[in-house]
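The values are calculated or read from the model by the stated rules, or taken from the named source; none is laboratory data. Worth saying up front: this structure is predicted, and the values here are computed from it rather than measured. When we count neighbours, we look across all protein chains shown, and the Cβ atoms used for this are built from the backbone with ideal geometry, even at glycine. In case anyone asks, the SASA skips ligands and DNA or RNA and just uses the protein heavy atoms, side chains included. Shrake-Rupley method; radii C 1.70, N 1.55, O 1.52, S 1.80 Å.
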Amino acid sequence: MTTHRPELHFTPESGVLEAPAGVLLDGNTWHLFFQYRHELSAPARWGHNYSEEFPFDWLECDDALAPVGGELSLRAGSVAAGEDAINLYFTSVTSTGTSVRLARYTDFNDVCEISDDSNALDPNVVRYGEVATNVTNYSRFRSPSVVPDWVAADRDEGHEGWLMLALTGHSDAPLPVILRSADGLTWDVEGPLEFNGDPGFNEGEVPANSPIPPVVSPRLVRLRDEVDECIYDVLLVTLERDNRDVSGYLVGRLEGTTFTVASGFQRIDFGHDFSRPRNTNTTEGTVSQETRYDEAVVLGLLNGNGRGDDPAAHPSFEEEGWANTLALPRCITLQGGKLFQTPPRGLPDAIRQSERARSWVGVMDVPEGSSVTVTLLDGNGKPAAVITHGGSTLTLDRSMGTAFDSYFKDSAPAVAHLAEGDSDSLTVVVDGATVEVYADGGQVAMGSRVYFDGGCSDIQVETAGEAVIEQSWQRKGSQL
């Protein structure tokens, strides 16, 4: 019996998942493209899975892209719906540098199949060419994020053409640039991204010749703020701080190449492992123009170790031949310049239909000085992780786990501050070696890996002080 593999979170059948590459929602069908290596020694390529209606039951397709010619590997990028195909914008790595290239996936409405050959590629994916081939004053194009562009300054008028945010230059001082295209095929570079206002990065973190710190895969999301009802751009970035990936966001408006900051950098997740968030694009007609900015969906990788990670040392790889998983897709909304995150629709039923996933949801009153503690027990009945809602703080401690020579014994507790006056609530989801926590209506989210010896056998909840659990629900899989 596998212990670590999740049922509802995406992870490859084997090999090393390195990042979500791009996500497209076509009607009720989710298309997930991801950067991975099917063996430790293999170069990175793009895989493709899809899921009908809800993003839990992923079905494998033949891989979409693999290195050819002099390419050393393929890295993540973006996915968008063109007129007659899905456009795949990916980063090509060669011995001379990186470039952004385009491939087109036709006949994507057909049910894709999986070949016996693990190296097989989907014949419906055809390479188109390099993006921005005539530009000489920028180098090392990479990490493209593609979203629809605006018809006019009044954003309620809708879209026309495409906008790309990409990185150029050295990784120690990346220069983000803005490109635009009428058809998604031919692109023009408009210039480097500039900030109007304080982006909120740490002092000394931004190199002299770049507007941002060293980042990984910036992404753009559009949301209507529920407070002032204006449509904003949300810039998602992953920074490298103290040899860890730290993901966050800025809220503002991108006009031309200038991002006018409404609220500076804030963390999107306060757990140990959520990183490299990706936006979800949609095909025409999937979401109505009137509601398309009410919420968005993002996916992230659950591994905060960044470039210093050794996937071969993961207990999941040693015992089951795979490393890394994606967080559950998160529904995000914007309220007063702050993102709120909730689990995807359909999760309670998906947990009940699983074999071993679990969740606990509580509506509480936690005055200052009181607490609600949720303890996750392993297969031996011993604590593997403890989540504590202390009214003004949320803490996730995974250091007490006894499994696998205490893989996370040196892991400091993850801590987040909670705003005063908000309703107290807690949602805890356990699926294989993944734990995700949402507090106070989605004000704070935490994603962490936890290795359970023999799986998670129970969720125990205790109160201290004047804390009261007003309502609670616990759901679990059919084999528990």
remark   = When (1) in contact (Cβ under 8 Å) with a residue 12 or more places away in the chain; (2) surrounded by 15 or more Cβ atoms within 10 Å (Cβ to Cβ); (3) out of contact with any helix residue (DSSP H, G or I) (no Cβ under 6 Å at 6 or more places or on another chain); (4) not polar (S, T, N, Q) are applied to D309, the one that fails is (1)
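Would you mention how many residues in the range 410-445 are of a type in the set (S, T, Y) and under 25 Å from S354 (Cβ atoms)? Reasoning before the result, please.
As a first pass, look at the range 410-445 and keep what is of a type in the set (S, T, Y): 411, 423, 425, 427, 434, 438.
Now drop any that are not under 25 Å from S354 (Cβ atoms), which leaves 425, 427, 434, 438.
Residues meeting the conditions: 4.
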query = When you look at R276, is it crowded, with 23+ Cβ neighbours inside 10 Å and at pLDDT 90 or above, yes or no?
reply = yes
query = Does the range 421-480 hold any residues that are open to solvent by 60 Å² or more (accessible area, probe 1.4 Å) and aromatic (F, W, Y), and which are they?
reply = W473
ask   = For the subset of the range 211-233 comprising residues that are under 27 Å from G169 (Cβ atoms) and free of Cβ contacts under 8 Å to residues at least 40 places away in the same chain, which member is nearest to the chain's Cα centre (by Cα)?
value = D233
query = What is the residue count in the range 353-365 for residues that are farther than 18 Å from V437 by Cα, in contact with a strand residue (DSSP E or B) (Cβ under 9 Å, 6 or more places away or on another chain) and either part of a helix (DSSP H, G or I) or open to solvent by 50 Å² or more (accessible area, probe 1.4 Å) (or both)?
reply = 0
inquiry  = So, in the range 50-72, exactly how many residues are over 29 Å from A182 (Cα atoms) and either open to solvent by 10 Å² or more (accessible area, probe 1.4 Å) or in contact with a Lys or Arg (Cβ under 9 Å, 6 or more places away or on another chain) (or both)?
reply    = 12
ask   = Which residues, taken from the range 184-197, are open to solvent by less than 20 Å² (accessible area, probe 1.4 Å), under 26 Å from A208 (Cβ atoms) and small (G, A, S)?
value = G191
query = Within the range 175-210, how many residues turn out to be closer than 15 Å to V100 by Cα, touching a residue at least 12 places away in the same chain (Cβ under 8 Å) and not in a strand (DSSP E or B)?
reply = 3
key: Selected residue [modelled with pLDDT of 90 or more, of a type in the set (S, T, Y) and surrounded by 15 or more Cβ atoms within 10 Å (Cβ to Cβ)] from S210, S181   = S181
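Out of the strands (runs of 3 or more DSSP E) lying entirely within the range 258-335, which hold 3 or more residues that are of a type in the set (G, A, S) and touching a strand residue (DSSP E or B) at 6+ places or on another chain (Cβ under 8 Å)? Step through it out loud before you land on a result.
Details: elements: 258-267, 274-282, 296-302, 330-335.
Hits in the range 258-335: 258-267.
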note = Output for Cβ contacts, cut-off 7 Å, separation at least six or different chains, first residue more than 18 Å from I469 (Cα to Cα) in the range 354-381, second open to solvent by 30 Å² or more (accessible area, probe 1.4 Å) and acidic (D, E), reads S354/E7; E355/E7; R356/E7; A357/E7; L377/D458; D378/D453; G379/D453; N380/D453
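So which of E466, E436 is part of a loop (DSSP other than H, G, I, E, B) and modelled with pLDDT of 95 or more?
The match here is E466.
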ask   = Taking the range 120-158 only, how many residues are free of Cβ contacts under 8 Å to residues at least 24 places away in the same chain and either of a type in the set (D, E) or more than 20 Å from R104 (Cβ to Cβ) (or both)?
value = 8
